[in-house]
Amino acid sequence: MFATERCFINTFNKTDYADVKKLFLNQDVRKYLGGIRDEESIQVVLNSMLNPPDNSFYWVVREKQTDNFIGMVSLDPHHDMDYLELSYELLPIWWGKGYATQVVKRIIHYALNELNLPKVLAETQTANKSSCRLLEKVGMEVERKLFRFGAEQAIYSIKSS
């Protein structure tokens, strides 16, 4: 569906279940996302991602050269339901290598220029410094901070120009 210099970004399919499940079971990935999920909740989430509503998009990210699973990225309604939220999870082996930056930039471009959204949000714990740096690197700015899910969250946004 999409490509970056080093990645393919394809719509989530049933054949991706095993790979995506690795994200939900990885303690490092889930550190700021509520912890590891149980088998039943993983199945519910994966099944819902297979047939998303019209305003939700779920993609799997793979390395171009090897087709190795990197992670996933999504756009779906934010908790406040006013705008779509960009979310991403990559396996730790891919962290710090620029893959997330490429993928997030591409999805922001898609959201603002192809879906013609006026604004895209991202929410992350302020304690997740790497995620905060990534969002700032791709041009997102802190819109507000709030306390949710037992921690301080930063709501980042980027608007269409």
- Once you put a point 7 Å from the Cα of PHE149 and another 7 Å from the Cα of SER41, both along the Cβ direction, what distance in nm separates them? 1.0
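Roughly how compact is the chain, stated as its Cα Rg over 2.2 N^0.38 Å to two decimals?
Values: Rg = 14.8 Å, N = 161, 2.2 N^0.38 = 15.2 Å.
Against the empirical 2.2 N^0.38 Å value, I get 0.98 for the chain.
Taking a quarter of the surface of the Cα convex hull of the range 3-59, what do you get in nm²?
On the way: hull surface 19.5 nm².
In nm², the orientation-averaged hull projection of the range 3-59 is 4.9.
Short version: what are the Cα gyration tensor semi-axes of the range 56-148, square root of 5 times each eigenvalue, largest first, in whole Å?
So the equivalent ellipsoid measures 22, 17, 12 Å along its semi-axes.
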- Go through VAL120, TYR58, GLN102 and say which Cα lies farthest out towards the positive end of the charge dipole of the range 2-159; charges sit on Cβ, +1 for Lys and Arg, -1 for Asp and Glu. GLN102
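At 222 nm, what value in deg cm²/dmol follows for the chain if DSSP H runs of at least 4 each add -39500 (n - 2.57) and the sum is divided by all its residues, to the nearest 500? All intermediate terms of the calculation are to be shown ahead of the outcome.
Values: 4 runs with 40 residues, N = 161.
Only helices count here, giving -7500 deg cm²/dmol.
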- Message: Expected output is a single nm value to one decimal: the length gained when fully extending between LYS97 and ASN26, i.e. 0.36 nm times separation in residues minus the C-alpha distance. What is it?
- Response: 23.7 nm
- Which of LYS21/LYS119; LYS22/LYS119; LYS22/LYS129; LYS64/LYS105; LYS14/LYS137 have a Cα-Cα distance over 27 Å? LYS21/LYS119; LYS22/LYS119; LYS14/LYS137
- Message: How big is the dipole moment of the chain about its Cα centre under a simple scheme where the beta carbon of each Lys and Arg is +1, that of each Asp and Glu is -1, and everything else is neutral? Debye, nearest 20, please.
- Response: 520
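Quick note: the coordinates plus some simple rules give every number you see, no bench work behind them. Every value quoted in this text rests on a predicted model; they were computed, and no experiment measured them. A quick note on method: Cβ atoms are made from the backbone with ideal geometry, for glycine too, and the neighbour counts reach across all protein chains shown.
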